[in-house]
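Taken together, the values in this text are just the output of simple stated rules run on the coordinates, not laboratory data. Owing to the predicted nature of the structure, the values given are computational and were not obtained by experimental measurement. Methodologically, a virtual Cβ is constructed for each residue, glycine included, from the backbone with ideal geometry; neighbour enumeration extends over all protein chains shown.
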Ligand SMILES: C=C(O[C@@H]1C=C(C(=O)O)C=C[C@H]1O)C(=O)O
């Protein structure tokens, strides 16, 4: 049987994933892109960048300019981006679109980001029916035709659009179990983190782990993107070629750090999670438990408090900032999350990059207080996060842009994939609970890569 093998399996029991599955499903449901659609083409060339939000897809490639700054901090990056985009705008040919900056920022934002003005860019609607933020909030109480009765249609950008309503989890049982993948190192790290938190070292820390899998041959990233989009119509689906020979950063993030359009900001932080269930009653009960879970509400409040504090400095009046007091439920294919839709009217002249660097990393992916949480991550995680829990997005010369958190993702290099998943740890967390949560988080990409057998 052809399939993936887990490479870093401490128990020696390989997990095999059927990679052909994604391609077969894609053909069977008729969701492949129409012939001749840009995305049908083999690789676009160098510096490929694809980011599809729930309603718009951005495809870019080639490098016109690369952003390089002496220090990677908000004011420096925002000012340099403005200059670079102004230069690129004045040098463009008549009829060319206004230049934008695209790329990815690492978890440790003091390290170099990968930000370029692409040579070519195009925007395309992703497909009707799953557009705005409100669509992605708790959909479990709507009439659900189920995944099999949705009618996926090819979208203009060549990525298949999923059906308008999706509430049942795609494959809750299989990947959750991840047979043979008991990450003892991660469990121990969570245990140590909990005792440090009990000692008052910090109040919350987000700890992550990796999963290395290998396919028999080079991965068809287009099929993987299509599968991620089908299962996660409300996600930010990305596929970004990293510099050097680092591979492609591929994933389907449910979390918007920030979008800015004409001075109006939106953010949709998520923190507090519970696995979905195939049984609708159990699924609903899990969601209700999450909504009232003291531990998860605490985890979530660290995030909204931190975002409120930062955004306060970017608005003219308190009334220009709206942070709802209680979170609501957000459904993804495999998880329930607590989410808070935040909005603000920014002071004139504030660019999306100013706010991105000021907010990142939020306690949703780092912890609280930030410095102590960073130290714990440095001492307890045995790998470099790189761009995982960083950001992926774009910015324009007017200060508009959209940046999602790099989650539910992996780095693809030919046939090899390193997946990442993390979970917030607070007093009251258990190694078993966080291990299970991260296993479910791997499922977003694992399910797209194939099916666990
Ligand atoms: C760190 C991840 O997810 C983050 C942590 C969450 C949590 O702890 O509940 C929820 C959403 C994300 O902000 C991940 O998916 O790897």
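Below is a table of values for the structure above.
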{"read-out": "Burial order of peptide ranges 329-335, 197-203 (average beta-carbon count within 10 Å, highest first)", "value": "329-335, 197-203"}
{"read-out": "Ascending count of other beta-carbon atoms within 10 Å, so fewest first, for 437, 282, 318", "value": "318, 282, 437"}
{"read-out": "Square roots of 5 times each gyration tensor eigenvalue, C-alpha, segment 309-383, largest first, Å", "value": "26, 20, 11"}
{"read-out": "Segment residue 347-residue 98, extension gain: residue separation times 0.36 nm, minus the distance between their alpha carbons", "value": "87.3 nm"}
{"read-out": "Rh by Kirkwood over Cα pairs, then Stokes-Einstein D for segment 211-303 at 1.002 mPa s and 20 °C, µm²/s", "value": "129"}
{"read-out": "Cα convex hull of segment 371-453, projected area averaged across orientations, nm²", "value": "8.4"}
{"read-out": "Gain upon complete extension [residue 120, residue 313; 0.36 nm per residue less C-alpha separation]", "value": "65.9 nm"}
{"read-out": "Spin-label model distance (nm) - residue 221 vs residue 328, 7 Å beyond Cα toward Cβ", "value": "3.5"}
{"read-out": "Mean Cβ count within 10 Å, highest first, over the residues of peptides 223-231, 407-415", "value": "223-231, 407-415"}
{"read-out": "Alpha-carbon Rg with Dmax, taken over segment 297-353, Å", "value": "13.2, 40"}
{"read-out": "Segment residue 413-residue 201, length gained on full extension (0.36 nm per residue, minus Cα span)", "value": "72.6 nm"}
{"read-out": "Approximate spin-label separation residue 293-residue 375, in nm, with each point projected 7 Å along Cα-to-Cβ", "value": "2.9"}
